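K.L.:
Have a look at this one.
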Amino acid sequence: GAGVSQSPSNKVTEKGKDVELRCDPISGHTALYWYRQSLGQGLEFLIYFQGNSAPDKSGLPSDRFSAERTGGSVSTLTIQRTQQEDSAVYLCASSLERQHNSPLHFGNGTRLTVT
Amino acid sequence: TQLLEQSPQFLSIQEGENLTVYCNSSSVFSSLQWYRQEPGEGPVLLVTVVTGGEVKKLKRLTFQFGDARKDSSLHITAAQPGDTGLYLCAGDKSDKLIFGTGTRLQVFP
């Protein structure tokens, strides 16, 4: 079946504009994560959805960042009033269920550049 | 403060050499995973270790989970150019997967 799909693959935006990044997880996966990766470094946790539970938003860096997951499937990460420091690759991952040995399946990410 | 520190940060070696990458933390993890990431792609899972002291082998790659479940190592024997990539450890903490700082490996033919 299809893997995790993210769109757009690249996004260039002007400082101050809002952007929406989309993630289509693998069908049937109940857990969905958003991470941010700067300059090929490690991944910074942003937010985690598990089924119908309230999302864990503890990694969101500011109130300009928000995310939702509609119908337990597609997720959208929104960044309002973008800043240059928001430039990074935003990665989405899903897993079948959030057990400690469940592998995460990643999309190829959205590369965001704020000019 | 980074929960999981990896070392070295960068490693450039010749084909055929051996290498070890370390993943260290002051926290205990219920499990630890290793991923490899290639340019333009998302990370791909290599292995999951669960039990303290556990050793897993994947062809030329050997993974070990520390006895106290706070650290892990990845050893590659006779590295190949195809091993080039970003290696990431990730620990399970409160149902979140927290990633390490990453080790970028370059293997030259």
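The values are calculated or read from the model by the stated rules, or taken from the named source; none is laboratory data. Given the structure is predicted, the values throughout are model-derived calculations rather than measurements. Cβ placement follows ideal geometry from the backbone for every residue including glycine, while neighbour counts extend to all protein chains displayed. The protein model used for the area step is the full one, side chains on, heavy atoms only, and it has no ligands, DNA or RNA in it. Shrake-Rupley method; radii C 1.70, N 1.55, O 1.52, S 1.80 Å.
K.L.:
Evaluate the stretch A:80-87: report whether one residue or more is in contact (Cβ under 8 Å) with a residue 12 or more places away in the chain, part of a strand (DSSP E or B) and surrounded by 20 or more Cβ atoms within 10 Å (Cβ to Cβ).
P.N.:
No - not one qualifying residue is present in the stretch A:80-87.
K.L.:
Within the stretch A:64-73, is there a residue that is within 17 Å of A:S7 (Cα to Cα), touching a residue at least 24 places away in the same chain (Cβ under 8 Å) and either of a type in the set (D, E, K, R) or within 12 Å of chain B (Cβ to nearest Cβ) (or both)?
P.N.:
Scanning the stretch A:64-73, I find at least one residue that is within 17 Å of A:S7 (Cα to Cα), touching a residue at least 24 places away in the same chain (Cβ under 8 Å) and either of a type in the set (D, E, K, R) or within 12 Å of chain B (Cβ to nearest Cβ) (or both), so the answer is yes.
K.L.:
Please specify each residue of the stretch B:14-48 satisfying the condition of being at the interface with chain A (Cβ under 9 Å from one of its Cβ atoms) and not in a loop (DSSP other than H, G, I, E, B).
P.N.:
The answer is B:Q33, B:Y35, B:Q37, B:V44, B:L45, B:T48.
K.L.:
What pairs come out if I take residues in the stretch B:78-91 that are part of a strand (DSSP E or B) and pair them with residues that are acidic (D, E) whose C-beta lies under 7 Å away, six or more apart or interchain?
P.N.:
B:G85/B:E38
K.L.:
Among (1) in a strand (DSSP E or B); (2) surrounded by fewer than 18 Cβ atoms within 10 Å (Cβ to Cβ); (3) among the aliphatic types (A, V, I, L, M), which single condition is B:I98 missing?
P.N.:
So B:I98 meets the others, but not (2).
K.L.:
Here's a follow-up. What are the residue pairs meeting all of these: first residue in the stretch A:1-15, first residue closer than 21 Å to A:H29 by Cα, second residue surrounded by 11 or more Cβ atoms within 10 Å (Cβ to Cβ) and basic (K, R), Cβ atoms under 7 Å, and 6 or more apart or on different chains?
P.N.:
Here the result reads A:Q6/A:R22; A:S7/A:R22, each pair linking the stretch A:1-15 to a residue that is surrounded by 11 or more Cβ atoms within 10 Å (Cβ to Cβ) and basic (K, R).
K.L.:
Within the group A:S58, A:S38, A:S95, which residue is under 27 Å from B:L105 (Cβ atoms), more than 13 Å from the chain's Cα centre (by Cα) and open to solvent by 30 Å² or more (accessible area, probe 1.4 Å)?
P.N.:
Just a single option satisfies the conditions, and that option is A:S38.
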